[in-house]
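The values are calculated or read from the model by the stated rules, or taken from the named source; none is laboratory data. Every value quoted in this text rests on a predicted model; they were computed, and no experiment measured them. Virtual Cβ from ideal backbone geometry, glycine too; neighbours counted across all protein chains shown.
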Amino acid sequence: MKKIFWVVVLGLLLSSKAFAESEKCKSLPKYSNLWYYNKCDEQKSLKSKKVKTWKNRQIPEEYVNPNLETLRYHFLSYNKRGKNDKKFYTKPSSQPSALKFNLQKEPKIIKKIVKKMQSTGLISYLMYEDGEIVIDQLSPPERFGDLIDDDTMIYSMSLGKSLGGYLMGHAICKGYINSLSSTLADWPILKGTLLETATVQDLINASTGDQKYIWNNNLSSGRDIGDLTIASIAKKELANTKPGKKRFNYSQFSPNVALNYISFKTGHKFNSFINDVLKNHVGLAGKLRFNGSGVESKGVIQSNFKASRYDTLRIGIAILNDWNSDTCIGNYLKDVYSNRVYKGAYNVGDGYSQSYAGFFHTNYPGIGDTVMGMDGYGGIALLINFDENRIVYTHAVHRDYNYRSLVLNAIDKGIF
């Protein structure tokens, strides 16, 4: 009887502690140092018998109709990636770029989005046209709305690749890097590797001739690119290598190299550089954080980032505005688009676009307009139509929401 009594008491103590911790987290600014210190990002656990998991910790793109429990679990799990990487980040702008709202799209269009949010992995949907946000939908509480709000920093891998291409343009325009035709030969880490003779243009088009040694996130040795430094890969897998045919080869490695080359060229002051671009030029309202920890000079920065949904849209708006401006960065974006490479049989990434330009997906099927896409896993996509001044940005945990209609048709015509 005493044993049962103490079990009950212990259970009450633990539950009251958990409740107290939960209440404490509510009183702290979300994503502040104190919020992380109190492990407020770890208090939600959604694992249950209904949840299906995979070895690579994410839902395979080809997996059909995952249940809600599985979707919620993987959204939270995916969004926790890089939670301990707090070295490379931007501070909020004191004068963030203002967002104008004019939510007047036809009800039947909104109804289609809402319907998909109630039955698929679609979590957030934003459409921007001619200077205004015209669609702004977030998943309802019974789906994902209790796990995300407008200030939640949400994780993306492949959008980070495209962001790296945009940052490369600013590095060139600020004089840190001479031009797209500059080689990477001045970076000591790459000496004796196939990248020594690669140009910046080769790098941001994922066409350095590295296909013999790298495929997606896998290295020829079996190691995964994700947690490795550029120095480590250059010393092991790429030591004494020569480039093969320079064709498109999609992987995380090239954008990682790009970000760390920018770091090298800025004197390893990457934080200062990204604050100059993303805080001052783009005007982010909150923090943006890149993955990466350790000694910056070793090449530790990863091409994955976290930012709020509105700040991610702000990046897209800045790219659109830059394209439309008669500036160095505007000309860079046009040059990158003009020098895009054909994906051919190696069409991995978004699975739709036919070419690649500066870590952006281009030439989407059936679309004649000039479109560049930040596109990646799970149906996370931010596509920019420069001819129509339109942006479509979706965040999802699985590409089961009819991407062709809600993203491709929408970016092309503004309707679906």
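Taking the options V300, V257, V295, name whichever one is in contact with a Ser or Thr (Cβ under 9 Å, 6 or more places away or on another chain) and under 22 Å from H361 (Cα atoms).
Details: V300 fails: under 22 Å from H361 (Cα atoms); V295 fails: under 22 Å from H361 (Cα atoms).
On inspection, the qualifying residue turns out to be V257.
Within the span defined as segment 145-154, one or more residues are hydroxyl-bearing (S, T, Y) and closer than 30 Å to I109 by Cβ.
Residues in segment 229-252 that are among the aliphatic types (A, V, I, L, M) and surrounded by fewer than 20 Cβ atoms within 10 Å (Cβ to Cβ) were compared, and the one that is farthest from D335 (Cα to Cα) is A239.
Looking at I214, is it in the same structural domain as Y342 (by TED's automatic domain parsing) and over 16 Å from L167 (Cβ atoms)? Step through it out loud before you land on a result.
On the way: in the same structural domain as Y342 (by TED's automatic domain parsing): yes; over 16 Å from L167 (Cβ atoms): yes.
Judged against the criteria, I214 is a match.
Taken over segment 368-390, the residue count meeting the criterion of being under 18 Å from I415 (Cβ atoms) and either crowded, with 23+ Cβ neighbours inside 10 Å or among the hydroxyl-bearing types (S, T, Y) (or both) is 5. Return yes or no: is K115 closer than 28 Å to G292 by Cα and outside the structural domain of I274 (by TED's automatic domain parsing)? Answer is no for this residue.
Residues that are under 17 Å from K161 (Cα atoms), modelled with pLDDT of 95 or more and assigned to a helix (DSSP H, G or I) do occur in segment 222-235, at least one of them.
Residues in segment 70-111 that are part of a helix (DSSP H, G or I) and either assigned by TED's automatic domain parsing to the domain that holds A318 or modelled with pLDDT of 95 or more (or both): none. Flag: V257 does not match the condition of being over 18 Å from V200 (Cβ atoms), surrounded by 24 or more Cβ atoms within 10 Å (Cβ to Cβ) and among the aliphatic types (A, V, I, L, M).
Quick check on K287: is it crowded, with 24+ Cβ neighbours inside 10 Å, in contact with a strand residue (DSSP E or B) (Cβ under 6 Å, 6 or more places away or on another chain) and farther than 22 Å from E388 by Cα?
Working: crowded, with 24+ Cβ neighbours inside 10 Å: no; in contact with a strand residue (DSSP E or B) (Cβ under 6 Å, 6 or more places away or on another chain): yes; farther than 22 Å from E388 by Cα: yes.
When the stated conditions are applied, K287 does not pass them.
Given the options S293, S263, S272, S297, name the one that is in the same structural domain as E196 (by TED's automatic domain parsing) and surrounded by 20 or more Cβ atoms within 10 Å (Cβ to Cβ).
Values: S293 fails: surrounded by 20 or more Cβ atoms within 10 Å (Cβ to Cβ); S272 fails: surrounded by 20 or more Cβ atoms within 10 Å (Cβ to Cβ); S297 fails: surrounded by 20 or more Cβ atoms within 10 Å (Cβ to Cβ).
On inspection, the qualifying residue turns out to be S263.
Once segment 166-221 is narrowed to residues that are in a loop (DSSP other than H, G, I, E, B) and charged (D, E, K, R), the residue that is surrounded by the most Cβ atoms within 10 Å (Cβ to Cβ) is D210.
Out of everything in segment 97-113 that is of a type outside the set (D, E, K, R) and out of contact with any Phe, Trp or Tyr (no Cβ under 9 Å at 6 or more places or on another chain), what residue ends up being farthest from K279 (Cα to Cα)? First the steps, then the outcome.
The first filter runs over segment 97-113 and keeps only residues of a type outside the set (D, E, K, R), leaving 97-99, 101-104, 107, 109-110, 113.
Checking which are out of contact with any Phe, Trp or Tyr (no Cβ under 9 Å at 6 or more places or on another chain) leaves us with 97-98, 101-104, 107, 110.
On the way: S97: 10, A98: 13, F101: 22, N102: 25, L103: 27, Q104: 30, P107: 35, I110: 32 Å.
Ranking the qualifying residues of segment 97-113, first place goes to P107.
In segment 215-243, the residues that are in contact (Cβ under 8 Å) with a residue 40 or more places away in the chain form Cβ pairs under 6 Å with partners that are surrounded by 13 or more Cβ atoms within 10 Å (Cβ to Cβ) and in a strand (DSSP E or B), at six or more places apart or across chains, as follows: N216/S251. Any residue that is assigned to a helix (DSSP H, G or I) and surrounded by 21 or more Cβ atoms within 10 Å (Cβ to Cβ) - is there at least one of those in segment 333-345? There is at least one residue in segment 333-345 that is assigned to a helix (DSSP H, G or I) and surrounded by 21 or more Cβ atoms within 10 Å (Cβ to Cβ).
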